1. Out of everything in region 171-189 that is surrounded by fewer than 16 Cβ atoms within 10 Å (Cβ to Cβ) and hydrophobic (A, V, I, L, M, F, W, C), what residue ends up being farthest from residue 104 (Cα to Cα)?
2. Where residues in region 60-91 are among the aliphatic types (A, V, I, L, M) and assigned to a loop (DSSP other than H, G, I, E, B), which of them is nearest to the ligand (Cβ to nearest atom)?
3. Can you pull out the residues in region 34-58 that are under 20 Å from residue 139 (Cβ atoms), assigned to a helix (DSSP H, G or I), near the ligand (Cβ under 10 Å from one of its atoms) and of a type outside the set (A, V, I, L, M, F, W, C)?
4. Do you know which residues across region 95-127 are within 11 Å of the ligand (Cβ to nearest atom) and among the β-branched types (Val, Ile, Thr)?
5. How many residues are of a type in the set (Val, Ile, Thr) and more than 13 Å from the ligand (Cβ to nearest atom) when one looks only at region 131-151?
6. Among the candidates 54, 19, single out the residue that is at pLDDT 95 or above and of a type in the set (A, V, I, L, M, F, W, C).
7. Kindly evaluate residue 163 against the criterion of being in contact with a helix residue (DSSP H, G or I) (Cβ under 9 Å, 6 or more places away or on another chain) and within 10 Å of the ligand (Cβ to nearest atom).
Amino acid sequence: MTLSALQQIVLASGNPGKIKEIQAILEGHPIVAQSTFNVAEAEETGSTFVENAIIKARNAALHCQLPAIADDSGLVVDALNGAPGVISARYAGIGANDQDNVQKLLKELEGVPDELRSARFICVMVFMEHADDPFPVIAQGVWEGKILNHPVGDQGFGYDPVFWVPEYQCASAELPASVKNALSHRGQALRSLTDLLKARESAT
Ligand code: ITT
């Protein structure tokens, strides 16, 4: 089943930053955000990105009776033993905004020298044809970088202002959207997802 062959696919996300990036990368595909259908957000009870992505895709597919794509993503910081990980969106507490989360991250990393500030963004992207789909299509992307000492830039969302991109020697929040999408964990995962869907179609 290719994405473009489907009438409509619901995007199981309430994060405007993600939605904008996913819609730009999947330009031309019939993607509609779950807010259009008033879908209540699912509780992310999993302890891995893949579990949470499946929970979100299943929730949206069930409520909309449509195929669904979900993105579960986050930042993994080596000096913090993998935190904030699956709780990246609520690192500074329930209801925390991007700035709160960034400030908490910088505080946790206070005094950690540059060479020990390695980190990566992870994205797991799941496609489910319907809520009972026993064989979801799962793709992932990883983007390696470092955590800066101060926020820089005003593009993107989340932790972009403190994520140093070695390839461009700047923060992710300083990159134009098209460059971020070409490099990012989310761009990689989405391109891999579309390839997997094409391969699945040609195998059946
Ligand atoms: P949905 O579940 O509704 O999609 P969410 O923001 O709650 O939205 P996640 O649970 O997947 O989504 O958390 C992802 C968090 O990880 C996100 O809120 C950011 O803090 C961070 N994050 C993920 N991708 C990012 C990116 O490209 N740039 C900056 N921060 C990112």
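The values are calculated or read from the model by the stated rules, or taken from the named source; none is laboratory data. Computed from a predicted structure; not experimentally measured. A quick note on method: Cβ atoms are made from the backbone with ideal geometry, for glycine too, and the neighbour counts reach across all protein chains shown.
1. 182
2. For region 60-91, the residue satisfying everything is 83.
3. Matches in region 34-58: 34, 52, 56.
4. Those that are within 11 Å of the ligand (Cβ to nearest atom) and among the β-branched types (Val, Ile, Thr): 102, 122, 124.
5. Qualifying residue count for the region: 2.
6. Values: 19 fails: at pLDDT 95 or above.
Answer to the check: 54.
7. Numbers: in contact with a helix residue (DSSP H, G or I) (Cβ under 9 Å, 6 or more places away or on another chain): yes; within 10 Å of the ligand (Cβ to nearest atom): yes.
Yes.
Here's the yes/no breakdown for (1) buried (at least 16 other Cβ atoms within 10 Å of the Cβ); (2) closer than 19 Å to residue 156 by Cβ; (3) within 16 Å of the chain's Cα centre (by Cα):
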site: 39; (1), (2), (3): yes, no, no
site: 63; (1), (2), (3): yes, no, no
site: 83; (1), (2), (3): yes, no, yes
site: 110; (1), (2), (3): no, no, no
